[in-house]
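Read through the structure below, which is laid out as structure tokens, and then see the notes.
Derivation of every value follows stated rules applied to the coordinates shown; laboratory data play no part. Computed from a prediction, not measured in an experiment: that's the story for all the values here. When we count neighbours, we look across all protein chains shown, and the Cβ atoms used for this are built from the backbone with ideal geometry, even at glycine.
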Amino acid sequence: VSNVYADYLVRNYHTCFGLKTVVSRGFNQEGAGRGRMFVTSVITRQIMQYRRDEVDKLVIGNVNAFRDWSHVSDVVRGYCLLAEKARYGDVYNQGSQRTNSVLSYLLLSLECAGYTVERIETLNGGKVVHSPNELDNSEMFGLRFEKTKVDRLMLEGKLEFQLSDIGIAVITDKRKIIVEFDKEKFRPADVPFLLSRTAKIEELGFQVQKSLEDIIRDQLNYFLDPAR
């Protein structure tokens with residue numbers, strides 16, 4: 001709601017008063033130092049704690065949500081580009097033009113932390129996915145972007161996780177890792193799906209340089225320090 005308000009307010013000041021404004025609709029921006037209340041840091045911090053045997057399981061909220069995650073360095077380059085080349089009064093989307101689930105972020109983070117994920121299964125035994133991190137570059141929504149096998153299943157409506165599933169057992173080459181669902185971590189109102197269309201800023205010369213794995217590695221490395 002606050003984003004919509006700011007968007008229209010800035011455009012109104014340009015239209016009515018001639019203020020030289022540009023609206024940048026920045027999708028999720030992640031990297032080392034991201035606040036602990038954000039799900040990417042919640043995931044990566046817990047994984048590093050798990051590696052240090054400080055916790056014996058991971059706790060998460062809604063794993064079905066899809067987000068368009070960008071590395072903060074890409075977004076900052078986009079801001080600089082818009083400051084130099086954007087047309088006043090215009091609106092530009094800033095994102096990675098890919099979408100991935102919270103579950104994939106967690107599973108890929110485990111991979112980056114040294115755990116090869118072989119399969120996942122719900123704790124109540126109702127759902128099983130083999131090789132969930134298998135990469136898929138097929139076209140969806142008119143775009144070709146990198147996602148995982150589990151992303152694809154969820155986007156096609158073939159897979160969804162509920163509180164009644166209790167959680168997920170992640171079977172890796174080293175051990176079984178328990179991911180428990182916490183009702184308190186589910187938002188009362190949540191956007192189920194975010195995916196940017198970035199053709200307009202690309203016309204100014206913008207290109208995404210960082211992958212989802214780059215974001216994950218930076219966050220994991222940040223949480224190598226136990227004080228964080």
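Structural remarks
- Take every DSSP beta bridge whose two residues both sit in region 1-155; close to 60 percent of them are antiparallel.
- With only Cα atoms counted, region 68-109 has Rg and Dmax values of 13.6, 41 Å.
- Lys/Arg +1, Asp/Glu -1 at C-beta; region 35-160 dipole; positive extreme among 113, 93, 141: 93
- Annotation for residue 90 and residue 163: the two label points, set 7 Å from Cα along the Cα-Cβ direction, are 4.6 nm apart.
- Lysine pairs in region 80-228 whose alpha-carbon atoms fall under 27 angstrom of each other, counting only those eight or more residues apart or on distinct chains, come to 27.
- Kirkwood analysis of region 5-69, using all unique Cα-Cα pairs, places the hydrodynamic radius at 15.1 Å.
- With respect to the chain, whose longest principal axis is taken over its alpha-carbon atoms, helix 102-112 is tilted by about 70°.
- Relative to the longest principal axis of the Cα atoms of the chain, the long axis of helix 2-17 lies at roughly 10 degrees.
- Dividing the alpha-carbon radius of gyration of region 125-209 by the rule-of-thumb value 2.2 N^0.38 Å gives 1.41.
- Test item: Cα-centred dipole of the chain, Lys/Arg +1 and Asp/Glu -1 on Cβ, debye: 400 debye
- Mean residue ellipticity, 222 nm, helices only, the chain: the sum of -39500 (n - 2.57) across DSSP H runs of n ≥ 4, divided by residue count and rounded to 500, is -10000 deg cm²/dmol.
- Charged neighbours of residue 116, selected by a Cβ distance under 10 Å, balance to -2 (K, R count +1; D, E count -1).
- Taking all pairs of distinct alpha-carbon atoms in region 30-184, Kirkwood radius in angstrom: 17.0 Å
- Farthest towards the positive end of the charge dipole of the chain, among the residues 124, 19, 168, is the Cα of 19, using unit charges on the Cβ of Lys, Arg, Asp and Glu.
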